[in-house]
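Read the figures in this text as sums done on the coordinates, not as results from a lab. All of these numbers come straight from a predicted model, not from anything done at the bench. In this analysis, Cβ positions are derived from the backbone assuming ideal geometry, glycine residues included, and neighbour counts consider all displayed protein chains.
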Amino acid sequence: MSALLQVRGLTKVYPGVVALSGVDLEVNEGEVHCLVGQNGAGKSTLIKCVSGAVEPTSGVIEFLGHQFATGRPSAALSAGVATIYQELDLVPDLTVAANIFLGHEKRLGRIGPILDRRAMRREVRELVGRLGHPHLDPDALVADLRPADKQLVSMARALSRNVRLLIMDEPSAILDPPEVDALFEVVGRLTAQGVGVIYISHRMDEIARIGDRVTVLRDGRTVASSLPADTSVDELIQHMVGRSFGEVFPKRARPGDEVVLRVTKLRRPPDLEEASFEVRAGEILGIGGLVGAGRTELLRAIGGIDRAASGEVWVAGRTLRRGRPDIAVAAGIGMAPEERKSQGLWLDWSQVRNVTISDLARHSHGPFTDHGAERDAAQKHLRALAVRPDDPMRNVSDSSGGNQQKVVLARWLLHSARVLLLDEPTRGVDVGAKSDVYRVISELAARGLAIVMVSSELSELAGFCDRILVMREGALVAALEGDAMTEEEILRHSLRIVPDQPRSATP
């Protein structure tokens with residue numbers, strides 16, 4: 001293989017912050033080069049430098065043996081470098097074809113005002129066919145597509161620019177296992193055609209499946225380069241965070257016997273069929289299944305956000321009225337939603353106000369708020385959860401994903417929650433920060449909270465939870481305990497490879 005991209009001694013300095021310090025990276029034609037590291041390790045800054053979005057302070061970037069102008073996205077695109085970011089930059093209200101050719105539309109007469117829609121549709125069919133998915137309709141609205149198909153649109157847009165190097169930032173974060181398999185098939189087709197791929201992922205199990213080589217960044221430096229993709233997860237994590245994989249999941253005490261949450265025959269068709277289970281004090285109950293299986297819908301029905309059609313939610317001796325989140329919160333139910341930025345946080349508010357918003361009355365005297373008491377109460381719980389930096393007046397938008405999740409948890413600690421509903425609590429969080437989130441959740445369970453945790457990461461469910469319920473098509477189809485709590489067993493039930501178990505789960 002010949003070198004496609006060579007990065008040597010790349011440095012980027014912001015006022016008061018060294019984001020990159022002498023980073024090296026080499027990507028060959030037709031290979032998948034995985035880039036890993038914690039949040040803040042420098043991965044995003046590196047790919048922004050390569051894609052032209054950021055001007056490096058010093059260093060060399062060569063593409064196909066030639067140095068191209070840095071800090072110019074148009075130059076990178078013209079050279080054949082395209083980037084697919086985790087937050088897909090698609091326009092929902094435009095068609096597939098319009099998104100793919102946005103900014104370089106085909107026109108009748110080359111520069112005329114009339115778009116050549118027929119030519120664009122024809123080329124879209126060729127592009128998606130090249131990706132192995134000819135079913136994608138060029139005239140479909142992007143807003144109506146599944147997450148996996150939206151990924152295909154982004155990849156087709158890159159191909160429409162004659163891409164030679166494709167940078168993919170967390171492309172599997174919103175996909176379920178079958179969709180990840182399809183994504184990997186598409187990447188395989190591209191590399192077979194000589195396209196080089198930089199693949200960024202926090203999911204360690206993907207590296208050996210998709211990659212050829214691995215480069216590890218830590219604190220803005222290259223700490224390991226060109227490792228084989230079959231390097232053990234334990235070794236990769238040691239490079240990334242300085243501790244082993246075995247230390248990621250904390251050791252925990254056995255749950256108590258007191259039942260804190262009881263769900264009985266809860267239904268909200270068609271998304272949620274009959275669900276019954278119990279959760280004890282100090283227990284972490286995992287909910288597995290594919291995207292769309294009804295996991296989020298289950299949590300929302302328990303928390304009263306969505307009104308269940310029938311069934312009962314019981315918390316510590318109190319039966320809750322369906323569809324009343326205020327009553328659920330008053331009874332001790334707290335929820336950390338999957339989309340924490342849009343649904344769980346006020347990003348322009350301070351950490352303090354995000355924590356106290358659930359119980360402002362505690363710090364109010366008539367129309368006035370005791371801001372000193374509010375700050376002290378919030379800071380107590382923020383410090384208990386080791387939120388960094390220790391600045392309670394810092395805007396939540398300036399915090400990392402892991403610290404944002406801790407702010408949400410601190411809110412429910414302040415409110416003295418008995419039950420925590422956690423929807424993908426470590427999504428978008430790096431391995432080091434995940435360890436902190438696991439520690440926090442474990443400590444909350446040790447205090448006697450009953451925790452229900454939805455996760456798409458099978459290793460997380462198998463390694464961290466006391467029991468696992470598996471959902472499929474809106475129904476609970478399996479209850480796994482002990483030696484049965486394996487990644488393979490979760491996936492088999494998720495995909496209907498084994499007979500269903502009874503749809504209730506009690507300790």
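Across segment 3-243, Cα-Cα pairs farther apart than 28 Å form 33% of the total.
Along the Cα-to-Cβ line of Tyr14, 7 Å from the Cα, sits a label point; which residues in segment 395-421 have backbone N less than 15 Å from it? Under 15 Å, as judged by backbone N against the label point of Tyr14, lie 395-401 of segment 395-421.
Antiparallel beta bridges, as assigned by DSSP with both residues in the chain, represent about 55 percent of the total such bridges. In terms of its Cα atoms, segment 64-114 spans 38, 33, 17 Å along the principal axes, sorted from long to short.
Distance between the pseudo-spin-label points of Arg209 and Gln343 (7 Å out from Cα toward the beta carbon): 2.4 nm. As a rough guide to protection, the peptides 448-455, 59-66 ranked by mean Cβ packing within 10 Å, highest first, stand as 448-455, 59-66.
Computed extension gain for Ala69 through Arg254, at 0.36 nm per residue and net of the alpha carbon distance, reaches 60.7 nm. Charge tally around Leu10: other residues with Cβ under 13 Å, Lys/Arg +1 each, Asp/Glu -1 each, net +1. Judged by the mean number of other Cβ atoms found within 10 Å, the most tightly packed of the peptides 320-326, 331-337, 91-97 leads the ranking 331-337, 91-97, 320-326. Ranking of Asp219, Asp423 by neighbouring Cβ atoms within 10 Å, starting from the fewest: Asp219, Asp423.
The label-point distance for Arg307 and Ser232, in a model that sets each label 7 Å from Cα toward Cβ, rounds to 5.6 nm.
Placing a label point 7 Å from the Cα of Asp398 along the Cα-to-Cβ direction, the residues of segment 1-26 whose backbone N falls under 18 Å from that point are 14-19. Lysine pairs in the chain whose alpha-carbon atoms fall under 23 angstrom of each other, counting only those eight or more residues apart or on distinct chains, come to 17.
Only four residue types carry charge here, +1 at the Cβ of Lys and Arg and -1 at the Cβ of Asp and Glu. Report the dipole size of the chain about the Cα centre in Debye, rounded to the nearest 20. Its charge dipole is roughly 1000 debye. Where Rh denotes the Kirkwood radius from the mean inverse Cα pair distance, what is Rg over Rh for the chain? Answer for the chain: 0.99.
Peptide packing for 306-319, 22-35 was compared via the average number of neighbouring C-beta atoms within 10 Å per residue; ordered from the highest value, the list is 22-35, 306-319.
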